[in-house]
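What follows is one structure encoded as structure tokens, with my remarks underneath.
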Amino acid sequence: MKNVLIVGANLKNKGAQSMLFTTVDAIRKYKPDCAVYYASDETCDMSEYTFGHVFYSNHARQIALQNQKLLHTIKAALSDTAKYLKGKKENLWCSNDLSKLIKETECIVDLSGFALGDKWPVKRIERYLDGIRLAQKYQIPIILMPQSFGPFCFKPEQSYLLDEMKELLPYADIIFAREKEGYAYLKEQFGLSNVRLSSDLVLQSEGVDPANIWKHPQSIAAPEIRTDAVGIVPNKKCFTFGSKNDILNLYRGIMDELRDAGKKLYILRHSKEDREVCRWIYECYADDPDVYLLENDFSCLEYDEIVKHFQFIICSRFHGAVHAYRNAVPCVLLGWAVKYQELAELLQQGNYVFNIVENASETTRIRKCVQGMLQNYENESEIIKNRVAEIQRESCLDCLKKYIK
């Protein structure tokens with residue numbers, strides 16, 4: 001039996017984890033005994049999962065692509081030896097595993113949320129393109145699942161990336177663009193005929209069967225949420241791209257508004273990297289008994305269970321909002337990219353989204369938006385519920401049936 005290889009995913013970020021679990025679940029429903037592997041260079045214990053893991057470092061990719069294979073084999077061996085001498089035992093001597101697996105792979109699925117555009121480092125873009133290079137070299141179909149693309153306004157010294165994209169992107173069987181803006185970038189910049197517009201794949205899913213993800217039953221460690229509760233889900237990227245002080249002041253203004261309305265507030269993270277910013281926000285209210293900091297590293301399925309208990313959430317994580325919307329929980333979206341605007345508009349929630357990197361100082365306007373949500377969250381929930389039902393009539397994941405034999 002040949003394998004399905006998933007690239008662009010990871011288990012640390014809950015959005016990426018959610019896309020991974022949703023895709024594995026869909027594959028298992030189409031073909032229960034299908035061998036699925038996800039490629040990453042992270043350290044993880046896969047013993048409880050129904051799918052496998054293949055080491056996906058730069059050396060591993062270049063060896064599989066046979067680009068200076070001997071050189072990368074030597075470098076990988078030296079790197080592993082150094083790690084071993086330092087006492088590290090994870091991902092040692094694995095750099096040839098991808099070369100073996102790729103020869104027995106019948107389909108590659110890319111789940112990158114946002115990796116192809118001028119906002120990202122060259123290494124991240126090249127890593128993305130390597131997935132297509134592998135598919136092309138071994139003549140394997142590759143599907144780029146719904147994700148953000150562009151813009152492509154690279155510096156002159158990086159313009160060669162456009163040539164690489166123009167050469168590689170037409171090879172993909174289907175490219176699902178998650179936003180209209182990304183769809184337009186791909187069509188106009190590269191003249192592609194293999195691009196389709198599709199909403200987020202997690203939003204299109206009605207849920208994941210845990211038995212398709214874990215070998216043994218897993219308990220959902222969701223804490224008890226009090227009534228009249230609102231969730232606060234921040235994003236470190238907003239603090240990185242914008243002013244820390246302005247954004248902290250914005251959160252204080254929003255949370256003051258919510259506390260004045262008698263709401264209990266729960267601050268939680270949707271990615272490991274958000275731990276620090278959650279603490280920054282919580283420290284402003286550490287003495288308030290109705291403000292809680294949930295420090296657990298919840299899985300995406302646990303987050304999905306928790307979010308159901310909020311009246312609405314203040315959210316800066318894309319898939320944090322997707323899980324909320326899928327459960328008909330409204331959001332005040334405090335984003336940093338066009339994907340947040342288009343997601344909100346798709347759910348007829350365009351009045352509740354703000355780019356806080358550019359507009360963090362507009363506290364009065366944003367607080368009025370929060371006041372509107374306090375009054376209308378039940379009506380907004382019904383609107384979202386109806387829109388999600390329409391969206392879930394079709395799924396981009398259905399295309400996998402063609403490739404999983």
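So if I place +1 on the C-beta of Lys and Arg and -1 on the C-beta of Asp and Glu, and nothing else carries charge, what would the dipole magnitude of the chain be about its Cα centre? I want it in debye, nearest 20. Don't skip to the answer; put the middle values down first.
Numbers: 53 positive and 54 negative charges, 234 e Å.
That gives the chain a dipole magnitude of about 1120 debye.
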- Message: With a 1.4 Å probe and all protein chains kept in place, how much accessible area does MET19 have, in Å² rounded to the nearest 10?
- Response: 10 Å²
- Task: Pop the C-beta distance of GLU48 and SER159 into the FRET formula with R0 = 45 Å and round what comes out to the nearest 0.05.
- Result: 0.50
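Label segment 163-267 by shape, choosing from rounded, prolate and oblate, from the square roots a ≥ b ≥ c of the eigenvalues of the Cα gyration tensor; if a/c is under 1.5 it is rounded, and otherwise prolate applies when a/b is larger than b/c, oblate when it is not.
On the way: a/c = 2.99, a/b = 1.49, b/c = 2.00.
In terms of gyration-tensor shape, oblate.
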- For the chain, which whole percent of the accessible surface, found with a 1.4 angstrom probe, sits on carbon and sulfur atoms? 46 percent
- Note on the structure: Residues other than LYS236 with Cβ under 12 Å of its Cβ, Lys/Arg counted +1 and Asp/Glu -1, net out at +4
- Task: Return the sequence-ordered ³J(HN,Hα) values of segment 41-50 in whole Hz as given by the Karplus equation 6.51 cos²θ - 1.76 cosθ + 1.60 applied to θ = phi - 60°, using x for Gly and Pro.
- Result: 9, 7, 8, 7, 8, 9, 4, 9, 8, 7
- Query: Could you give the distance between the Cα centres of segment 46-71 and segment 126-182, to the whole Å?
  - Reply: 20 Å
- Among the listed pairs LYS236/LYS308; LYS180/LYS264; LYS2/LYS215, give every one whose C-alpha distance is greater than 25 Å. LYS180/LYS264
- Query: Using the heavy atoms of the protein chains alone and a 1.4 angstrom probe, what is the accessible area of the chain per residue in square angstrom?
  - Reply: 44 Å²
- Query: Mind checking which helices in the chain clear 20 Å along their axis (Cα) and have mean Kyte-Doolittle hydropathy of -0.5 or more, DSSP H runs only?
  - Reply: 14-30, 69-85
- Note on the structure: Computed over the chain, the relative contact order (Cα-Cα under 8 Å, seq sep at least six) in percent reads 16 percent
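Report relative contact order for segment 193-308 in percent, whole number only (criteria: Cα-Cα under 8 Å, sequence separation at least 6). Please report the intermediate quantities before stating the final value.
Working: 100 pairs, mean separation 33.6, N = 116.
For segment 193-308, the relative contact order is 29 percent.
Can you bin segment 124-179 into rounded, prolate or oblate? Criterion: square roots of the alpha carbon gyration tensor eigenvalues sorted a ≥ b ≥ c, rounded for a/c under 1.5, prolate for a/b above b/c, oblate for the rest.
On the way: a/c = 2.29, a/b = 1.31, b/c = 1.75.
Oblate.
The values are calculated or read from the model by the stated rules, or taken from the named source; none is laboratory data. It should be emphasised that the depicted structure is a prediction, and the values quoted were computed from it without experimental measurement. A quick note on method: Cβ atoms are made from the backbone with ideal geometry, for glycine too, and the neighbour counts reach across all protein chains shown. When the accessible area is computed, the model is the full protein with side chains, heavy atoms only, and any ligands, DNA or RNA have been set aside. Shrake-Rupley method; radii C 1.70, N 1.55, O 1.52, S 1.80 Å.
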